[in-house]
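So the structure is just underneath, and the comments pick up after that.
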Amino acid sequence: MLYETAIKRAGAPLDKADVYAAFERELDATEKTKETYLRALRRWSEFIDGRGESELTARRETVLAYRDELKASGKSAATVNAYLTAVRALYSWLEARGVYPNIAANVKGERRNRNSPKDALTRSQALELLSDRPGTLEGLRDYAMINLMLRRGLRTIEVARADIGDLRQVNGEAVLYVQGKGYAEKGDFVILNDACLRPLYAYLEARGEADPSEPLFAGIGNRNSGGRLTTRTVSRIVKKTMEDHGISSAHLTAHSLRHTAVTFALLGGASVQEAQAMARHASIETTMIYAHNIDRMKAGAEHSVDAFLSEAK
């Protein structure tokens, strides 16, 4: 039975479970995206419940108040926009089904500063992070993983999704195929050299025989032995390793290794297009932000101010 029939019956209460189940069922997206949308919509449902409203009584002003509440709670612009995207998707779907107008259609998200600096490690910090000589299986795994993220800019989701069988060859060169953010298949790759491969092979050898379909970086211990690492676990490992090496900053996270790889690629002489290909940025404008920040640091007028003051002494 179509749930809208029940909704339109006089006095019929809104069955949220049916609405969200139907929305999930008909949403043309990957399972991961569906999970993300539904998780975000739980927050929306809690918000309107707190106002004494429902999904089919909320108005545009409700969505605006929701956006303001998200912002006031300290959420980043990206997070606010992600929550609003889920609400827009729900009401676009309800409108298309003739159930309720799209009250979120013209609600703007938070404006993001695309030129905001990306926190990356310094060269000395990067070398310090790679100075380990691990001896345990866990140490070999963590070193191989962090080394790969730092040198090739892998996202945590790409690390978590990587399988042993993704280590392949293209035109005689070793590569790792990756499944990037928002993609259902592993259609892109990063090129691996000896600096990437040696730690990987040392870890895999210590780990022992494994099937190509098994995770490249597997869990160790009783709780998740041989299982796939979560993105949260990858982030935690990177953060702890940084702190163990005296690199302690709230602005330096697992994602900073990706920023570091792109920054070092450009500083090392790669073109913007080459850095874009390695980082798998959908738009070259994203890579240009890194190039802009490098140029800004090199040619900063601040250096001229200091030079002028030094001459006056």
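Can you tell me which residue in segment 50-82 is least open to solvent (accessible area, probe 1.4 Å), limited to those that are under 22 Å from Ala17 (Cβ atoms) and touching a Phe, Trp or Tyr at 6+ places or on another chain (Cβ under 7 Å)?
Tyr66
With the requirement that a residue be over 17 Å from Arg42 (Cβ atoms), among the basic types (Lys, Arg) and either assigned to a loop (DSSP other than H, G, I, E, B) or in contact with a His (Cβ under 9 Å, 6 or more places away or on another chain) (or both), what does segment 63-106 give you?
Hit for segment 63-106 is Arg97, nothing else.
Among the residues of segment 185-219 satisfying the criterion of being aromatic (Phe, Trp, Tyr) and more than 25 Å from the chain's Cα centre (by Cα), which is farthest from Val170 (Cα to Cα)?
Out of the qualifying residues, it is Tyr203.
Would you confirm whether any residue within segment 121-143 is farther than 30 Å from Leu197 by Cβ and not in a helix (DSSP H, G or I)?
no
Answer yes if at least one residue in segment 274-287 is touching a Gly at 6+ places or on another chain (Cβ under 8 Å) and of a type outside the set (A, V, I, L, M, F, W, C), and no otherwise.
Initial filter on segment 274-287 (touching a Gly at 6+ places or on another chain (Cβ under 8 Å)): 278-280.
Subsequent filtering for residues that are of a type outside the set (A, V, I, L, M, F, W, C) retains 280.
Checked segment 274-287: at least one residue is touching a Gly at 6+ places or on another chain (Cβ under 8 Å) and of a type outside the set (A, V, I, L, M, F, W, C).
Looking only at helices (runs of 4 or more DSSP H) that lie completely in segment 228-313, which have at least 2 residues being under 24 Å from the mean Cα position of the chain (by Cα) and surrounded by 13 or more Cβ atoms within 10 Å (Cβ to Cβ)? Break it down into steps so the answer makes sense when it comes.
Numbers: elements: 231-244, 254-267, 272-279, 284-298, 301-311.
Once the helices (runs of 4 or more DSSP H) in segment 228-313 are filtered for at least 2 residues that are under 24 Å from the mean Cα position of the chain (by Cα) and surrounded by 13 or more Cβ atoms within 10 Å (Cβ to Cβ), what remains is 231-244, 254-267, 272-279, 284-298.
Looking only at segment 71-87, filter to residues that are within 17 Å of Leu38 (Cβ to Cβ) and among the hydrophobic types (A, V, I, L, M, F, W, C); which one of those is modelled with the highest pLDDT?
Filtering segment 71-87 for residues that are within 17 Å of Leu38 (Cβ to Cβ) and among the hydrophobic types (A, V, I, L, M, F, W, C), the one modelled with the highest pLDDT comes out as Val87.
The values are calculated or read from the model by the stated rules, or taken from the named source; none is laboratory data. Keep in mind that this is a model prediction, so the values were computed, not measured. All Cβ positions, glycine included, derive from the backbone under ideal geometry; neighbour counts span all protein chains shown. Protein only, heavy atoms only, side chains kept; ligands, DNA and RNA dropped before computing areas. Shrake-Rupley method; radii C 1.70, N 1.55, O 1.52, S 1.80 Å.
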